[in-house]
Amino acid sequence: METTKKIQGGDVRAASRLIRNLEDHIPGAKTTIKHLFPFTGKAHVIGITGSPGAGKSTLTDGLIDCIRKKGKTVGVLAVDPTSPFTGGAILGDRIRMQRHAEDPGVFVRSLATRGALGGLAKAVGDAIHILDVMGKDVIIVETVGTGQQEVDIINHSHTVLVVLVPGMGDEIQAIKAGILEIADIFVVNKADREGSSKLSRELMAMLDMAPASAFPAGWRPPIMKVENAFEPAGFQKALNDLSDKIDDHYKHLVDHDLLGNRLRRKAAVELNEAIRASILEPVLLKLVASGEMEGAIDKLLKKEIDPYTVAEDIAKRYLEGCL
Ligand SMILES: Nc1nc2c(ncn2[C@@H]2O[C@H](COP(=O)(O)OP(=O)(O)OP(=O)(O)O)[C@@H](O)[C@H]2O)c(=O)[nH]1
Ligand SMILES: [Mg+2]
């Protein structure tokens, strides 16, 4: 309970420690989250997703300034699902966002889960709760890509920004990955690069083809061009516009009673993750510890058995009464 009080008081060290314990799957961390839960649900959570190097952190860094100028506090979570590859970039983010380190209204953390069991979406959901209880008005979650795991992470957000850059084949990828369904705002980033107008046009055409039902209560995702990050005046103006558009989206959710849907979706994802963790993780741990996992893999390789039969057999043993 003491940790709960500290976090409610905005204690940075207590929050950092709890996030670290979550990453390391320390059991006590879950108990603290249970205590924090009733105090959650106040922050506006913004998800920023896009391919590696799309400029998400540069945008986040700029948005922090805009949000602070509006007198609001900010928490940032940089999610790192593939630590061996993006570890360097995350380190870069830390250094870059260091300039906010002196500002008590800003709290930046990167997040990864160690171990093979995954559960990153759950850890992100919990970390959002922590920043929320700390009293951060706005929480930005930066995550790479649009895979299933990332979509789950994005489902923890109220407003989702999909960041695209010209010349990365994103045009086609965008449609393929179904990002239309998750994007509330498109950001055409690095607009100094060739092809940014073409990318904007293609997105526009994609939105034109979508049925009206794709736009909740008439919110058609705006396409925001963000000018060169290395040309401060233009960049600042673009960021201010983007920040205002993010506020507009939140207002739209509130005005049209859409927030409830988002919160329901968020709660469903969270419950899903918690059930997965409660049921699947202990079973997997047991299978690994007993050596049964490796044994089954050997058999699969020799084609002595197929994965479905193995899984059904495990389910029969562990889920008696459910099947
Ligand atoms: N030309 C150009 N480069 C940019 C712009 N914005 C960011 N960059 C550069 O793009 C690179 C990647 O930027 P980041 O902000 O780290 O991108 P990210 O999407 O956070 O990257 P990951 O977290 O590694 O996926 C950096 O070298 C930036 O300096 C821009 O507007 N124009
Ligand atoms: Mg980044």
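The values are calculated or read from the model by the stated rules, or taken from the named source; none is laboratory data. Keep in mind the model is a prediction, meaning the values are calculated, not measured. Glycine also receives a Cβ, built like all others from the backbone with ideal geometry; neighbour counts cover every protein chain displayed. Side chains are part of the model used for accessible areas, which takes the heavy atoms of the whole protein and leaves out ligands, DNA and RNA. Shrake-Rupley method; radii C 1.70, N 1.55, O 1.52, S 1.80 Å.
Diffusion coefficient of the chain by Stokes-Einstein, Kirkwood radius over Cα pairs, 20 °C, 1.002 mPa s: 101 µm²/s. Rounded to the nearest 0.05, the FRET efficiency derived from the C-beta distance between Leu300 and Arg20 at R0 = 30 Å is 0.25. Between the beta carbons of Ala267 and Ala112, assuming R0 = 30 Å, the FRET efficiency works out to 0.75 to the nearest 0.05.
Mean residue ellipticity, 222 nm, helices only, the chain: the sum of -39500 (n - 2.57) across DSSP H runs of n ≥ 4, divided by residue count and rounded to 500, is -18000 deg cm²/dmol. The dipole here belongs to the chain: it is taken about the Cα centre, uses +1 on the Cβ of Lys and Arg and -1 on the Cβ of Asp and Glu, and is about 640 debye. Computed over neighbours whose Cβ is under 11 Å from that of Ala274, the net charge equals 0, Lys and Arg +1, Asp and Glu -1. Calculated FRET efficiency, Phe230 and Lys316, Cβ-Cβ r, R0 56 Å, to nearest 0.05? E(calc), rounded to 0.05, equals 0.40.
In terms of distances greater than 24 angstrom between alpha carbons, the cross-link table entries Lys266/Lys316; Lys69/Lys122; Lys122/Lys286 yield Lys266/Lys316; Lys69/Lys122. In the range 171-291, how does Rg compare with the Kirkwood Rh, expressed as the Rg/Rh ratio over alpha carbon atoms? Rounded to two decimals, Rg over Rh is 1.13.
For the range 274-318, the C-alpha radius of gyration divided by 2.2 N^0.38 Å, with N the number of residues, is 1.19. Structure note, pairs Lys34/Lys70; Lys56/Lys245; Lys198/Lys245: Cα-Cα distances above 26 angstrom occur for Lys34/Lys70.
Counting protein heavy atoms only, the chain has 58 percent of its accessible area on carbon and sulfur, 1.4 angstrom probe. Annotation for Lys237 and Val254: the two label points, set 7 Å from Cα along the Cα-Cβ direction, are 2.9 nm apart. Judged by the mean number of other Cβ atoms found within 10 Å, the most tightly packed of the peptides 268-277, 61-70 leads the ranking 61-70, 268-277.
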